[in-house]
1. Looking only at region 120-157, which residues are outside any helix (DSSP H, G or I) and either over 21 Å from Ala25 (Cβ atoms) or open to solvent by 60 Å² or more (accessible area, probe 1.4 Å) (or both)?
2. When you look at Ala29, is it open to solvent by 10 Å² or more (accessible area, probe 1.4 Å), in a helix (DSSP H, G or I), more than 15 Å from the ligand (Cβ to nearest atom) and modelled with pLDDT of 95 or more, yes or no?
3. How many residues, within region 74-85, are closer than 20 Å to Leu119 by Cβ and open to solvent by less than 100 Å² (accessible area, probe 1.4 Å)?
4. Given the conditions (1) in a helix (DSSP H, G or I); (2) more than 20 Å from Ala140 (Cβ to Cβ), report the number of the one that Gln55 does not fulfil.
5. If you take the residues in region 36-61 that are in contact with a strand residue (DSSP E or B) (Cβ under 9 Å, 6 or more places away or on another chain) and within 16 Å of the ligand (Cβ to nearest atom), which one is most open to solvent (accessible area, probe 1.4 Å)?
6. Give the residue, chosen from Val64, Val17, that is out of contact with any strand residue (DSSP E or B) (no Cβ under 9 Å at 6 or more places or on another chain), touching a residue at least 24 places away in the same chain (Cβ under 8 Å), more than 16 Å from the ligand (Cβ to nearest atom) and within 20 Å of Asn143 (Cβ to Cβ).
7. In region 92-116, how many residues are open to solvent by 30 Å² or more (accessible area, probe 1.4 Å) and under 16 Å from the mean Cα position of the chain (by Cα)?
Amino acid sequence: MSVDLQNLTDNARKTSVEVLNALVADGIAVSRALKQAHWNVKGPGFIGFHELLDQVKARIDDGVDNLAERVQQLDGTAISTVQKVAEASTLKPYPTNLVKLDAHAKAVAEILREYGGKLREGIETTDEAGDPNSADILTAASNDVDKDTWFVSSYLG
Ligand SMILES: [Fe+2]
């Protein structure tokens, strides 16, 4: 049986499912980029940065979970396979040749900033389409991403 939430137009539901799924794909891409950095980073400051990356990843994953579960509330299908994520993500690919902490901090801050911008666009689109609840879920995710962008950028002085 469909959830069929009251006072939500078909257009609002359809728009939100599209926006949320696009951001699920981007969030999963960020999550994998964080592991790329967590495993490969080397140099002074290693342990703090290595551990921070896993904390950031846990917050990204929680945000993605909330987005995907909102898709279910809207009678959509959440998409999460690596093949579909690779097709759907619009973020710049995270480089796989980085080693130094500075280089990873710069690249991680950049991908978080890009994701934060896309979340903000999603807040606007879902709100304008008439689904403030999805906008609210995206706002919560975006607050975490902004804070983590600050944490990671702080490694760059
Ligand atoms: Fe680890």
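The values are calculated or read from the model by the stated rules, or taken from the named source; none is laboratory data. Just so it is clear, the model here is predicted, and its values are computed rather than measured. All Cβ positions, even for glycine, are placed from backbone atoms using ideal geometry, and neighbour counts span all protein chains on display. Surface accessibility is based on the protein's heavy atoms, side chains included, excluding ligands, DNA and RNA. Shrake-Rupley method; radii C 1.70, N 1.55, O 1.52, S 1.80 Å.
1. Scanning region 120-157 gives Gly130, Gly157.
2. Taking the combined requirement at face value, the residue satisfies it.
3. 6
4. Result: Gln55 passes all but (2).
5. Lys42
6. Testing whether each residue is out of contact with any strand residue (DSSP E or B) (no Cβ under 9 Å at 6 or more places or on another chain), touching a residue at least 24 places away in the same chain (Cβ under 8 Å), more than 16 Å from the ligand (Cβ to nearest atom) and within 20 Å of Asn143 (Cβ to Cβ) leaves just Val64.
7. Residues in region 92-116 being open to solvent by 30 Å² or more (accessible area, probe 1.4 Å) and under 16 Å from the mean Cα position of the chain (by Cα): 6 in total.
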